[in-house]
Amino acid sequence: MRVRPLFVIISTLSLFLAVVLIYPSPPVAPSKSSDSTSAKSDIWSVQRIVEWRPCKWWLQSHLTPLPAKSNGYIRVDCYGGLNQMRRDFCDGVGIARLLNSTLVLPKFEVAAYWNESSSGFSDVFDADYFITQMNGFVNVVKELPPEISSKEPHRVDCSKRKGQFDYIESVLPFLLKYHYVSITPAVSQRRDRYPKYAKAALCQACYRALKLTGSLEKKANKLLEAIPKPFLSLHLRFEPDMVAYSQCQYSGLSPTSMKALEAARGDDRKPWTGEAARIWRNRGKCPLTPNETAFILKALSIPTNTNIYLAAGDGLMEIEGLTSIYSNVVTKSALLSGEDFETMHGNTKAALDYCVSINSDSYMATYFGNMDKMVAAMRAFKGLYKTLFLSRRAFAEFTSRGLEGKPLMEALWKAHEDDFIKGRGSALSDCFCEFKL
């Protein structure tokens with residue numbers, strides 16, 4: 001008769017378990033201070049499926065021997081800002097090797113808006129280091145031999161030249177005739193047609209041989225030491241001339257910004273209006289404002305107490321739109337001594353931004369210009385993969401559909417998550433190969 005109590009106990013426990021399973025306890029309500037973006041890990045925690053790394057054919061292959069006799073001397077004329085000149089020079093190195101010529105270190109012709117005088121290669125980069133690193137890839141000289149140094153180079157227009165055969169057919173004859181030519185590489189050239197020995201010379205020049213002078217490196221290291229760690233380097237573009245060039249309309253800008261923007265626009269950069277303005281914006285042609293940038297950073301769950309180094313030019317408009325949300329923002333002008341900063345020219349400042357950005361814990365850019373491409377590729381070369389370009393097109397398309405608040409944040413997260421997972425735009429395809437993880 002003792003079995004009966006045991007039966008009752010077992011029956012009671014079974015009934016209790018059945019109730020628990022059928023009627024689970026209600027979910028715990030989130031705290032008032034939490035939301036979907038703050039609870040989510042930041043964008044860097046997403047697992048990538050693709051990385052871009054330096055190609056083995058460039059790093060590990062045996063070099064094709066240089067010809068016993070050079071076909072002549074080539075000087076690459078570089079114009080514009082530092083990173084545009086760097087891009088043109090790297091292309092020029094590949095062309096020099098393609099044509100079996102000797103490369104003459106260039107003079108950098110700075111555009112008028114940089115407000116500084118032109119400078120030699122050695123004023124920015126370590127010439128001796130460059131020549132040593134390029135040994136076996138291409139012949140390089142600092143100075144021309146006496147019999148040629150008194151002559152001006154024969155100028156060859158390469159603005160419409162593309163690929164291997166155009167340079168060989170259109171530049172080589174002048175090189176053989178005059179023995180000294182100057183070129184500015186075509187922006188749209190097809191480097192994929194280069195033989196590997198010419199592409200290897202270009203890659204070696206861009207990612208191994210170009211090192212800033214000792215004085216510039218010292219300034220960059222001083223700046224790096226002063227930045228609170230860890231930090232995000234943010235390349236934010238919203239200067240008056242850049243916005244004016246985009247021909248985009250903006251509402252809600254301060255009177256000071258509107259005045260600067262109108263002055264930069266002049267008579268030939270009037271903004272698009274009506275349907276044309278909407279199409280233009282949805283194509284991703286309009287720079288992100290600092291406030292829009294802050295919104296995207298929050299959508300990507302970047303904490304608002306993140307240390308941010310602002311890699312930006314002078315005259316950035318509406319910066320309060322960023323600093324009112326992300327308060328730990330530092331700049332060159334604030335970290336360097338007044339005298340040190342005031343003596344710097346535009347290209348020096350650009351060089352410092354580049355150095356900081358390739359060594360930062362993470363890097364984001366609101367644009368995809370020459371600096372951004374160079375920084376992204378160098379970070380990939382160094383194995384630093386926390387690199388992302390904020391999508392102007394995605395922001396424009398989502399807001400044009402009427403998305404705002406939480407739905408807009410979720411859509412922006414998904415768009416940038418896809419970019420980060422697949423490594424879109426993170427490196428230059430000429431020197432880097434795709435590795436599946």
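The values are calculated or read from the model by the stated rules, or taken from the named source; none is laboratory data. Please read all numbers here as calculations on a predicted model, not as lab measurements. Note that each Cβ is placed from the backbone with ideal geometry, even for glycine, and that neighbours are counted across all protein chains shown. SASA here: full protein model, heavy atoms, side chains in, ligands and nucleic acids out. Shrake-Rupley method; radii C 1.70, N 1.55, O 1.52, S 1.80 Å.
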Work out from phi, with θ = phi - 60° and the Karplus expression 6.51 cos²θ - 1.76 cosθ + 1.60, the ³J(HN,Hα) of each residue of region 305-318, listed in order in whole Hz, and give x for Gly and Pro. 9, 4, 6, 10, 8, 8, 8, 8, x, 6, x, 4, 8, 6
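Over 32 Å between Cα atoms, which of Lys211/Lys414; Lys196/Lys218; Lys199/Lys436 qualify?
Lys211/Lys414; Lys196/Lys218
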Under a point spin-label approximation (7 Å from Cα along Cα-to-Cβ), what is the Lys40-Asp340 distance to one decimal in nm? 4.0
Output row, site Glu262, 7 Å Cα→C-beta label point, backbone N cut-off 18 Å, window region 317-351, residues 317-318
Can you work out the Karplus-derived ³J(HN,Hα) for every residue in region 286-296? Use 6.51 cos²θ - 1.76 cosθ + 1.60 with θ = phi - 60°, whole Hz, and x for glycine or proline. 9, x, 6, 6, x, 5, 5, 4, 4, 4, 5
Amide H neighbours of Asn307 under 5 Å, at least 5 residues apart or on other chains, H built in the peptide plane: list them. Leu232
Ordering of 90-97, 178-185, 320-327 by burial proxy (mean other Cβ atoms within 10 Å per residue, highest first): 90-97, 178-185, 320-327
Sorted by chain and then number, the residues having a modelled amide H within less than 5 Å of the amide H of His235, at least 5 places away or on another chain, are Ala311, Met364, Ala365, Thr366
How much length is gained if the chain between Asp361 and Leu59 is pulled fully straight, taking 0.36 nm per residue apart and subtracting their Cα-Cα distance, in nm to one decimal? 106.2 nm
Which listed pairs, of Lys40/Lys406; Lys270/Lys349; Lys151/Lys177, have C-alpha distances above 18 Å, in listed order: Lys270/Lys349
Non-local residues with an amide H under 5 Å from the amide H of Phe125, with H modelled 1.01 Å from N and Pro and chain starts lacking one, are Thr213
Expressed per residue, the solvent accessible area of region 337-437 in Å² (1.4 Å probe) is about 42
Efficiency of FRET from Cβ geometry, Leu176 and Lys229, R₀ 60 Å, rounded to 0.05: 0.65
From the backbone phi of region 139-144, what are the Karplus-calculated ³J(HN,Hα) couplings (6.51 cos²θ - 1.76 cosθ + 1.60, θ = phi - 60°) in whole Hz, Gly and Pro given as x? 6, 10, 10, 7, 10, 7
Zone residues, region 354-372, relative to Tyr245, backbone N less than 16 Å from point 7 Å out along Cα-to-Cβ: 366-372
